[in-house]
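Working notes for the structure below.
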Amino acid sequence: MNNKVQSIKGFYDILPEATPLWFKLEDIARRVLGSYGYNNIRMPIVEHTDLFVRSVGEHTDIVEKEMYAWTDALNGDKLTLRPEGTAGCVRAVIENNLTYNGPQRLWYSGAMFRHENVQKGRQRQFHQIGAEAFGFESAEVDAEQIVLLARLWRELGIADVELQINSVGDADERLLYRKTLIAYFEKHAELLDEDAKRRLHTNPLRILDTKNPRMQAMCEAAPRLMDCLNEASRTHFEKLCQLLGDAGIVYKINHRLVRGLDYYNRTVFEWVTTKLGAQGTIAAGGRYDALVERLGGNPTPACGFGIGLERVFLLMQEYGVTAVHSPDIYLVNVGELAEKQAFTSAETLRSAGLSVVLNAGGGSFKSQMKRADRSGARYAAILGDDEVASGEISLKPLLEKTEQTRCKLADVAQLLRS
């Protein structure tokens with residue numbers, strides 16, 4: 001009988017061989033976000049279910065089909081593992097009055113949870129880095145976030161990603177467009193699949209995002225939301241396009257880009273790649289000027305985005321981006337005196353700023369050197385009884401064909417850095 005414990009479908013381990021590239025991705029993202037003035041915020045992964053119903057939208061796929069939600073048996077609270085980060089960030093801004101002294105640029109990272117069909121680039125526990133800017137009304141911040149992402153792709157070594165943008169206008173414009181769109185789809189009811197029929201009177205804009213080949217031509221010919229925009233929304237979008245052009249950012253206006261969350265208004269955007277199959281969106285976002293007020297805060301314009309880290313990781317691998325985490329030293333110790341001193345010698349080297357793997361469990365000199373080679377360390381530091389007697393240590397380069405040297409323990413760090 002096989003009773004081996006296994007992980008849950010769609011919930012994956014990130015193994016040590018992969019974490020150096022994850023560190024590289026996260027470190028570069030942190031640095032780029034910091035260079036634009038974004039400060040880190042950390043929110044809980046569990047929120048009240050009502051937060052997502054009120055923000056993401058009651059008739060979205062996320063709320064209807066994908067949330068991990070339950071009733072707390074201890075107090076009856078309805079709770080949900082966060083499916084996205086914006087709603088929790090908005091809640092934190094309101095609850096902690098973060099915009100009291102002026103606009104805020106915030107970023108966060110962590111696990112999100114959606115009960116989706118598992119495939120390459122789509123998991124049920126996945127990781128995002130998100131950024132949100134509160135209190136900025138003009139298109140400059142929309143453009144800034146897009147340019148920030150363009151810089152991030154360059155620094156990560158990613159190329160050939162396409163920027164798609166659109167404007168979904170404001171609430172009154174979408175209401176007018178919604179009526180126009182419903183009337184259009186009703187005229188072509190025979191082409192609608194079951195999913196589209198379900199959405200027709202609850203979320204008709206999402207029909208435009210269908211992947212059904214039979215519906216593509218009909219959706220391409222559908223009325224455009226852009227034609228319903230008023231002067232303010234149109235001016236905002238034109239300003240965005242001008243700023244992106246000034247920054248040398250190439251973009252495509254995608255009139256079918258509406259995003260799957262109810263809170264967006266005006267600017268929406270996606271960065272997409274053709275190298276990951278169906279899951280080609282690696283980052284997406286837009287403006288959500290009404291959400292803070294909808295969740296009980298003061299009227300506050302806002303704009304943000306989320307990056308799918310698993311997809312970016314896959315894309316970095318696709319482009320041959322590598323990262324290795326290797327210790328500076330593998331400390332080999334042979335002999336009774338050396339074994340006694342090895343532990344404190346390793347601590348001395350670490351205090352000097354070096355990363356040290358201490359051979360544990362004994363073994364012959366030959367077997368320890370094999371372990372040193374496998375460790376990926378730059379040097380084997382050899383401590384034998386002779387070295388202990390002279391207060392020295394031997395350094396053997398493992399990655400370069402240079403001579404073994406011997407020096408005082410206190411001089412090792414300086415020697416390795418020279």
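The values are calculated or read from the model by the stated rules, or taken from the named source; none is laboratory data. Small disclaimer: the values here were computed from a predicted structure and weren't measured. Cβ placement follows ideal geometry from the backbone for every residue including glycine, while neighbour counts extend to all protein chains displayed.
Look through the stretch 9-59, keep the residues that are of a type in the set (D, E) and at pLDDT 95 or above, and return whichever of them is farthest from the chain's Cα centre (by Cα).
Applying the first criterion (of a type in the set (D, E)) to the stretch 9-59 yields 13, 17, 26-27, 47, 50, 58.
With the extra rule that they be at pLDDT 95 or above, the set shrinks to 26-27, 47.
Numbers: E26: 8, D27: 12, E47: 20 Å.
So the residue we want is E47.
I'm trying to understand the selection: among the residues of the stretch 395-418, which are aliphatic (A, V, I, L, M) and surrounded by 16 or more Cβ atoms within 10 Å (Cβ to Cβ)?
Step one: filter the stretch 395-418 for residues aliphatic (A, V, I, L, M), giving 395, 398-399, 409-410, 412-413, 415-416.
Result: L395, L398, L409, V412, A413, L416.
Return the only residue of A150, A159 being assigned by TED's automatic domain parsing to the domain that holds L243, out of contact with any Gly (no Cβ under 7 Å at 6 or more places or on another chain) and part of a loop (DSSP other than H, G, I, E, B).
Matching residue, one of A150, A159: A159.
Picking from S138, S109, which residue would you name as being within 14 Å of the chain's Cα centre (by Cα) and not charged (D, E, K, R)? Steps first, answer last, please.
Values: S138 fails: within 14 Å of the chain's Cα centre (by Cα).
So the residue among S138, S109 that is within 14 Å of the chain's Cα centre (by Cα) and not charged (D, E, K, R) is S109.
Considering only the stretch 300-418, give the strands (runs of 3 or more DSSP E) lying wholly within it that have at least 2 residues that are over 30 Å from R154 (Cβ atoms) and over 35 Å from the mean Cα position of the chain (by Cα).
329-334, 379-384, 392-397, 405-408
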